[in-house]
């Protein structure tokens, strides 16, 4: 498994590419999306200083077959839409990569993370190319499984520590209580936690540098 961060440049001929570049200061936040036959159905939160002209342009666009305003305030509204060009949705569907929502689009660009097997990420890249969606890969990170990151004892102790409130602030479980819960000596619990925490922190720092 790997996590990839991608930035897509949505084609100008799509409604979202066209409208979001026409109004570059607006924020289009896709909250839900699903394919339905040859169209895509979505729930969109739109934030902009002047909403009416953006909504009119969306409603008039050839790529939008239905637009329903569900809720609106001064600078934010919620709409349901149906589109004939759900390129991103079709790409992830064809490659069997789960799309993590919400997805924010501004000025024609969408940046998001996907987690999948390497071959599925490769299939997603192929589908984006086929649909003519330019993209840049900001990073690809291999995901270490918990089994390879921590030992069985470390996993059990860290999980119990989280569940009992050892890491809460204020702390609701002492080291002595944690040791008793896991049936180990207090010194063993302390040393095991220290090693596990060190491993987790080192992995976090390594991932941050990789970005």
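The values are calculated or read from the model by the stated rules, or taken from the named source; none is laboratory data. Treat the numbers as computed from the prediction; the structure is a model and nothing was measured. Virtual Cβ from ideal backbone geometry, glycine too; neighbours counted across all protein chains shown.
Screening the candidates 107, 152 for the property of being out of contact with any strand residue (DSSP E or B) (no Cβ under 8 Å at 6 or more places or on another chain) and surrounded by fewer than 12 Cβ atoms within 10 Å (Cβ to Cβ) yields one hit, 152. Restricted to the stretch 91-143, the set of strands (runs of 3 or more DSSP E) holding at least 2 residues that are under 17 Å from residue 30 (Cβ atoms) and within 14 Å of the chain's Cα centre (by Cα) comprises 103-106, 109-116.
Only one of the numbered conditions (1) out of contact with any strand residue (DSSP E or B) (no Cβ under 8 Å at 6 or more places or on another chain); (2) over 27 Å from residue 203 (Cβ atoms); (3) modelled with pLDDT of 90 or more is violated by residue 78, and that is (1).
For the stretch 71-103, filtering for residues that are closer than 18 Å to residue 3 by Cβ and touching a residue at least 60 places away in the same chain (Cβ under 8 Å) leaves 5.
Quick check on the stretch 38-61: of everything there that is at pLDDT 95 or above and assigned to a loop (DSSP other than H, G, I, E, B), which residue is surrounded by the most Cβ atoms within 10 Å (Cβ to Cβ)? Only one residue tops the list, namely 61. Residue 152 passes every criterion in (1) over 29 Å from residue 100 (Cα atoms); (2) at pLDDT 90 or above apart from (2). Is it the case that the stretch 157-174 has a residue that's touching a residue at least 60 places away in the same chain (Cβ under 8 Å) and assigned to a loop (DSSP other than H, G, I, E, B)? No; the residues of the stretch 157-174 include none that is touching a residue at least 60 places away in the same chain (Cβ under 8 Å) and assigned to a loop (DSSP other than H, G, I, E, B).
You will find that of 22, 83, 3, the residue that is surrounded by 14 or more Cβ atoms within 10 Å (Cβ to Cβ) and more than 25 Å from residue 123 (Cα to Cα) is 22 and no other. Of the residues making up the stretch 168-178, those that are over 11 Å from residue 193 (Cα atoms) and touching a helix residue (DSSP H, G or I) at 6+ places or on another chain (Cβ under 8 Å) are 172, 173, 176, 177.
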